[in-house]
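Worksheet: the structure to be examined is printed underneath.
The values are calculated or read from the model by the stated rules, or taken from the named source; none is laboratory data. Note that the structure is a prediction, hence the values are computed from the model and not measured. So basically every Cβ, Gly included, is an ideal-geometry build from the backbone, and we count neighbours across all protein chains shown. What goes into the accessible areas is simple: the full protein's heavy atoms, side chains included, and nothing from ligands, DNA or RNA. Shrake-Rupley method; radii C 1.70, N 1.55, O 1.52, S 1.80 Å.
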Amino acid sequence: NLTSLVIGPGVSSIGRGAFSGCSGLTGELALPDGRREIEPWVFAFCSGVTGTLTIPDSVGHIGATAFAGWVGLTGTLVIPAATTNTDDGAFENCPGLSDLVLGNGVKRIGVQAFGRCGGLAGTLSVPGNVTDVGDYAFVNCGALTGVTFGLGVTRIGSYAFLNCPELTGVLVIPDSVTEIGVSAFIDCAKLTGVTLGNQVARIG
């Protein structure tokens, strides 16, 4: 029955799963600056929270399933430059998100980190500081029309873009990529071609 939550600026730590499943929470949630980590599961399945989410610039790590199931989350999500990891399922099933901006510090996109974010549209830019795009990372992101990979990405995981039917045009895999996982682009029927980089050693 919890309906509102205010986190004061002096709060330095919130334990994992602390507010998981508080579906009665409504409105926007403001996270105070100064936090270094968002713990796993901490706000998972808070389906009543609406509007945009601002990740404080100080956050270096977003834990597994931290914001999964926020079906009321809308607009653009910006992962700040200080963040190095978005762990497994961090934003899974947030279908209201329309745009994703990955900061220049992100090194890893976790397994299914943005899976089932069906509202993500336009072209997704994966910057070159990201080395690993995890398995199922963008599965069922049905509105994406394009994806670009920066020079620095070394692995595109299995089923990473499974069932992204609006991806169109020629997919360019940069020279830095050495591995493309099993069925990474399965059911992307509108892709018209693929240009493979010269370092690809394994295609699943």
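For segment 62-78, the set of residues classified as outside any loop (DSSP other than H, G, I, E, B) and buried (at least 22 other Cβ atoms within 10 Å of the Cβ) consists of ILE62, LEU73, LEU77, listed by residue number.
Only one of GLY193, GLY197 is in a loop (DSSP other than H, G, I, E, B) and either of a type outside the set (Lys, Arg) or open to solvent by 10 Å² or more (accessible area, probe 1.4 Å) (or both); which? From the options GLY193, GLY197, the qualifying one is GLY197. Residue check: is ASP175 among the acidic types (Asp, Glu), assigned to a loop (DSSP other than H, G, I, E, B), out of contact with any Phe, Trp or Tyr (no Cβ under 8 Å at 6 or more places or on another chain) and more than 20 Å from ASP135 (Cβ to Cβ)? When the stated conditions are applied, ASP175 passes them.
Taking the numbered list (1) crowded, with 21+ Cβ neighbours inside 10 Å; (2) out of contact with any Pro (no Cβ under 9 Å at 6 or more places or on another chain); (3) aliphatic (A, V, I, L, M) in turn, VAL153 passes all entries but (2). If you check THR50, THR83, THR26 for being closer than 23 Å to PRO127 by Cα and either touching a residue at least 40 places away in the same chain (Cβ under 8 Å) or polar (S, T, N, Q) (or both), only one passes: THR83.
For segment 173-190, filtering for residues that are open to solvent by 10 Å² or more (accessible area, probe 1.4 Å) and more than 25 Å from GLY119 (Cβ to Cβ) leaves 7. When we screen LEU31, LEU2 for residues that are open to solvent by 50 Å² or more (accessible area, probe 1.4 Å) and either closer than 30 Å to GLY157 by Cβ or at pLDDT below 95 (or both), the only hit is LEU2.
From the residues in segment 79-109 that are part of a strand (DSSP E or B), open to solvent by 20 Å² or more (accessible area, probe 1.4 Å) and not basic (Lys, Arg), which one is nearest to THR26 (Cα to Cα)? Here the answer is SER98. Within segment 110-135, the set of residues being open to solvent by 10 Å² or more (accessible area, probe 1.4 Å), under 11 Å from GLY152 (Cβ atoms) and outside any loop (DSSP other than H, G, I, E, B) comprises ASP132 only.
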